Every structure is written in structure tokens, then in C-alpha cells.
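Below is one structure, written out as C-alpha cells; comments come after it.
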Ligand code: PNS
């Protein structure tokens, strides 16, 4: 069984993330979406809320499991027996950080490799930060995030 991990903060999940989830889930038997639970960061949504939101918008994809994790991603991947870590690349600006992460993770856990999906062009500008910025200023986020989540995100800024 080939297991993949798609890790991230997902604060909140965007249509760009969902696109990578749909495409990468076709390449593995099980895709575990790993939601980073980092108490050092101050996320808009708790890890539990983020897991719940991702479960809601991926409910129609059969081979998906959503879990939060703490600590090192490479360690989480080892425990889950994952062969690959999936990441999305939007632009060249993502590359340096992603290369470093992939190399560190491979150094820590040599059984795990990282594969990259170039994001679909219609989402190449998207990030969770952009979504939060637009929502904070009461802009329309309906073309950035799954429609089921729009009200829930907007409610955080009311
Ligand atoms: O969506 P993001 O915020 O870009 O995701 C970043 C994430 C969660 C993949 C990264 O921060 C991570 O793996 N954190 C766990 C700690 C870790 O393993 N860091 C790399 C080695 S220093």
C-alpha cells in the first residue's frame, strides 16, 4: 500500500490545496492530510477546526485521511509508513524553502521522498494568508476557498 502525506498549516484550506489533494490522491492508495498543530504559531483556526474543515471538503474522496500532527514532519511520515510527502509549488519563490525542507526531511528519514505538484495556474496566486487578508477587509473570498467554508471563515472576522 503506497501512502502519501500532504502536510501543511491549512489555516484555512484553499482551492489551491484542494486541487493538489485531488491530483495527488490519484497517485497513492492512501493520502494522509497532515495538519500542523504548532502551538508556537497563532493560527486563525484551531487544529481541530482545520481537520474538521478539511474532512468536510474532502468527504467525496475515498482514499483520504485527515489528522493533525506535532513535531517533525519526517517523524510523522515514518510513523505513518508514508513513502512520499506531497507539496505544491506555486512559483519560483516557493522553491528555495521547499528544496531545503525536502532535503532536511530526506536527511532525517531516508525512506521518505518529497514529490512536488505544480499548482494549477488559476490558483498560483493563492495562499491561506491572502484568504485571511481579504476576509479581514471584508472582501469576497468565494473564489479562493471551498464554498462550504466561506461563511465559517468570514465569521472569524465579525
Ligand atoms: O502550509 P505550510 O505552512 O507551508 O506547511 C509547512 C509545514 C507544516 C509542511 C512545515 O512547517 C513542517 O513540516 N513543519 C513541521 C516541523 C518540521 O518537520 N520542519 C522541517 C524540519 S526543520
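For the stretch 28-42, name all the residues that are within 10 Å of the ligand (Cβ to nearest atom) and modelled with pLDDT under 95.
Within the stretch 28-42, 38, 41 qualify.
If you scan the stretch 70-100, which residues turn out to be surrounded by 12 or more Cβ atoms within 10 Å (Cβ to Cβ) and without any contact (Cβ under 8 Å) to a residue 24 or more places away in the chain?
94, 95, 98, 99
Every residue, every condition in (1) at pLDDT 95 or above; (2) touching a helix residue (DSSP H, G or I) at 6+ places or on another chain (Cβ under 6 Å); (3) surrounded by fewer than 14 Cβ atoms within 10 Å (Cβ to Cβ); (4) closer than 19 Å to residue 130 by Cα, yes or no:
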| site | (1), (2), (3), (4) |
| --- | --- |
| 12 | yes, yes, no, yes |
| 26 | yes, no, yes, no |
| 46 | yes, no, yes, yes |
| 60 | yes, no, yes, no |
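Being closer than 14 Å to residue 9 by Cβ and within 11 Å of the ligand (Cβ to nearest atom) is the filter here, so list the residues in the stretch 52-75 that pass it.
68, 69, 70, 73
Before we move on, is residue 133 assigned to a helix (DSSP H, G or I), surrounded by fewer than 16 Cβ atoms within 10 Å (Cβ to Cβ) and in contact (Cβ under 8 Å) with a residue 60 or more places away in the chain?
Details: assigned to a helix (DSSP H, G or I): yes; surrounded by fewer than 16 Cβ atoms within 10 Å (Cβ to Cβ): yes; in contact (Cβ under 8 Å) with a residue 60 or more places away in the chain: no.
In short, no.
Kindly evaluate residue 49 against the criterion of being within 14 Å of the ligand (Cβ to nearest atom) and within 15 Å of residue 9 (Cβ to Cβ).
Working: within 14 Å of the ligand (Cβ to nearest atom): no; within 15 Å of residue 9 (Cβ to Cβ): yes.
In short, no.
To keep it simple, each residue is scored yes or no on (1) within 15 Å of the ligand (Cβ to nearest atom); (2) touching a helix residue (DSSP H, G or I) at 6+ places or on another chain (Cβ under 9 Å).
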position: 100; (1), (2): yes, no
position: 116; (1), (2): yes, yes
position: 120; (1), (2): no, yes
position: 135; (1), (2): no, yes
position: 142; (1), (2): no, yes
position: 145; (1), (2): yes, yes
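The values are calculated or read from the model by the stated rules, or taken from the named source; none is laboratory data. These figures come from a predicted structure and were not determined experimentally. Glycine gets a Cβ as well: all are built from the backbone with ideal geometry, and neighbour counts include every protein chain shown.
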